[in-house]
Amino acid sequence: MKIKKAAAFILAGIIFCGIIPFVSANSGLMGTADDLADKRIGVATASVQDIYSTEHYPNADIHRFGTSADFVAALKADRVDAVMGAYTALREIQRRDSSLVFLAEKINPRPVGVAFQKGDAMLDSFNDFLGQIKADGTLDDMVARYFTDGNYEMPEIASVNQNGRLLYGLTTIAGVPYASISDGSYIGIEVELARRFAAFMGMELVVRDTDFSGIIASLAAGRVQMIGGGLAITEERQQMVNFSDPVYMEYSAVLIKRDKMDFSAASQYNGEETVPAAAIGPSDEKTFLERAKESFYRNLVLERRYMLVLNGLLATVALSLLALVFGTLLGGLICAMRMAGNTAVRGIAKVYISILRGIPVLVVLMVLYYIAFASVDIDTFLVAAIAFGMNFAAYVAEMFRAGIESVDKTQREAGIAGGFSPFQTFIYIIMPQAAALVLPVYKGEFISLVKMTSVVGYIAVQDLTKAGDIIRSRTMEAFFPLIMVAVLYFAISWLLSLSLTYIEKRTDPKKLCS
């Protein structure tokens, strides 16, 4: 009876907690920005809109997302009531989707600049360059092309490599008109600005696509020499980096779903961008196959976006295999240390295993990228392989130890008595039996490793997940890119699992005969 009462109490709590957000999600129409006071607002993490909404709407429920594609998808799914982002980017989204309207436009004006490390003399060179393109009208032309005309074609800019490389950090998930990828090349006003500056300096531009939340940390750690991507100048950011003179002004805006808009109460109305529902003609009804065909074309064929997926897929597989090899070798070493006779050596192995198993792999990845290898010119891909390999090694070491200790000690003694050396006994008698015990668990850990690599986009490695994020930032579709990425991860895991199962059978005589 007590168990039934407890279960009923828990069920009632779940239902009650589920009703509250449902009620708040259906709290009426909105006509002005003041109506956001008690709503759910979606913003990009660490953006100026994140700061603005937190300060101006203290009673609102702020939902923070990694990309604009994420919070737009949440808006369409009614997970949030409104989204706040950069006006120019939201305008592009709204133009392609008539189900969304502006609740507020051009609020919170902020100057946008390019940032450099503290004390970097390159800042003065950039300001000189900026003054020149302002004086000759080049910057005005760029702003008009990208922000007014929506023309994202990149002009031909000569690349010179007389004075080395210029490492430029940006985030492509900001999307156009700021920065994105089209036909395998970077596009956007921030990319053109960086290319022109690199030509001005006689340097080769190298773009490093970084997660927005870590872009300033990437500069502070010396991973890049300058950062952009529509970065608004704020007092807090100026404490970490030095900003250039303002390049252009950017504004914030708020988008909501059309069925949540109270047009009669709206204080501002733009007939071109917020057409009343009554003015919309009948929808063009299409079959499921027609919609699927269009979605396939937009997400994969258009601008050769399939190359993003293919490159991301290859990066994920290569990273997983490299981490597997490194982690297995390092795990074998840690296992040997863990089973050594020396107490100090065993202690070092125990500490390593405890630390690596107790810290999330994403944190390990960040520590290596921003701290341990900050001053070392090492490829980001190798940093990721080392991080995942170190994490994998901690689990492999314990698997190996458990497998070896599971083999009866009498077999070791029998091998030595039969004339084998201790090393030969381990190779020919102990290891085959231990491998048969370890492989099933090893296979599961490797599949987990493959899935864990999905966070590598945080340090500018364009893997499969990052490729999906870039595509979503362009198409603003959630279903097709996410399902595609999920299917590809499943395919990778399935094929690798089959390969390890084959190896497992080859090392187990019983399974080989079955």
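The values are calculated or read from the model by the stated rules, or taken from the named source; none is laboratory data. Being a predicted model, the structure only gives us computed values, none of them experimental. Because the Cβ atoms are built from the backbone with ideal geometry, glycine has one as well, and the counts that use them run over all protein chains shown. Only protein heavy atoms, including side chains, enter the accessible area calculation; ligands, DNA and RNA are left aside. Shrake-Rupley method; radii C 1.70, N 1.55, O 1.52, S 1.80 Å.
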Qualifying positions in region 116-142 - at pLDDT 95 or above and under 28 Å from the mean Cα position of the chain (by Cα): Phe116
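For region 61-118, which positions are on the phi > 0 side of the Ramachandran plot and free of Cβ contacts under 8 Å to residues at least 60 places away in the same chain?
Residues satisfying the conditions do not exist here.
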Restricting attention to region 209-231, which residues are at pLDDT 90 or above and assigned to a strand (DSSP E or B)? Met226, Ile227
Assuming Glu477 fulfils every condition listed in (1) part of a loop (DSSP other than H, G, I, E, B); (2) under 20 Å from Asn299 (Cα atoms); (3) under 16 Å from the mean Cα position of the chain (by Cα) apart from one, which condition is it? (3)
Of all the residues that make up region 446-474, how many are of a type in the set (A, V, I, L, M, F, W, C), at pLDDT below 85, in contact with a Gly (Cβ under 8 Å, 6 or more places away or on another chain) and in a helix (DSSP H, G or I)? 1
Return yes or no: is Ile256 under 24 Å from Ala82 (Cβ atoms), out of contact with any Phe, Trp or Tyr (no Cβ under 6 Å at 6 or more places or on another chain) and not in a loop (DSSP other than H, G, I, E, B)? yes
Out of region 402-436, which residues are in contact (Cβ under 8 Å) with a residue 40 or more places away in the chain and either open to solvent by less than 50 Å² (accessible area, probe 1.4 Å) or in a loop (DSSP other than H, G, I, E, B) (or both)? Ile404, Ala435, Ala436
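Among the strands (runs of 3 or more DSSP E) confined wholly to region 42-137, which include 1 or more residues that are in contact with a Pro (Cβ under 9 Å, 6 or more places away or on another chain)?
Counting at least 1 such residues, we get 61-65, 100-112.
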Yes or no: region 119-132 includes at least one residue that is among the aliphatic types (A, V, I, L, M), over 25 Å from Gln49 (Cβ atoms) and touching a Phe, Trp or Tyr at 6+ places or on another chain (Cβ under 7 Å). yes
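Looking at Asn391, is it under 27 Å from the mean Cα position of the chain (by Cα) and not acidic (Asp, Glu)? Outline the logic, then answer.
Values: under 27 Å from the mean Cα position of the chain (by Cα): yes; not acidic (Asp, Glu): yes.
Yes: the conditions hold for Asn391.
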Consider Ser180 carefully, then state whether it is assigned to a strand (DSSP E or B), among the small types (Gly, Ala, Ser) and either open to solvent by 20 Å² or more (accessible area, probe 1.4 Å) or closer than 27 Å to Asp377 by Cα (or both). yes
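Is it the case, given these coordinates, that Leu103 is touching an Asp or Glu at 6+ places or on another chain (Cβ under 9 Å) and under 20 Å from Phe212 (Cβ atoms)?
Details: touching an Asp or Glu at 6+ places or on another chain (Cβ under 9 Å): yes; under 20 Å from Phe212 (Cβ atoms): no.
No, not satisfied.
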Failed condition for Val396, given (1) free of Cβ contacts under 8 Å to residues at least 40 places away in the same chain; (2) within 22 Å of Ala434 (Cβ to Cβ); (3) in a helix (DSSP H, G or I): (1)
Within region 437-448, residues open to solvent by 40 Å² or more (accessible area, probe 1.4 Å) and either aliphatic (A, V, I, L, M) or farther than 29 Å from Trp494 by Cα (or both) come out as Leu437, Val441
Among the residues of region 45-62, how many are in contact with a helix residue (DSSP H, G or I) (Cβ under 7 Å, 6 or more places away or on another chain) and open to solvent by 40 Å² or more (accessible area, probe 1.4 Å)? 3
Output the qualifying pairs, or none if there are none: Cβ atoms under 6 angstrom, residues six or more apart or on different chains, first residue in region 182-204 and closer than 15 Å to Ile471 by Cα, second residue in a helix (DSSP H, G or I) and open to solvent by 10 Å² or more (accessible area, probe 1.4 Å). Ser182/Glu303; Asp183/Glu303; Asp183/Arg304; Gly184/Met307
Given the options Leu439, Leu464, name the one that is closer than 30 Å to Ser218 by Cα and in contact (Cβ under 8 Å) with a residue 40 or more places away in the chain. Leu464
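Name every residue in region 187-208 that is open to solvent by 10 Å² or more (accessible area, probe 1.4 Å) and either in a loop (DSSP other than H, G, I, E, B) or closer than 21 Å to Thr148 by Cβ (or both), in order of residue number. Break it down stepwise before answering.
Looking only at region 187-208, we keep the residues that are open to solvent by 10 Å² or more (accessible area, probe 1.4 Å), and these are 187, 195-196, 199-201, 203-208.
Answer for region 187-208, where residues must be open to solvent by 10 Å² or more (accessible area, probe 1.4 Å) and either in a loop (DSSP other than H, G, I, E, B) or closer than 21 Å to Thr148 by Cβ (or both): Ile187, Arg195, Arg196, Met203.
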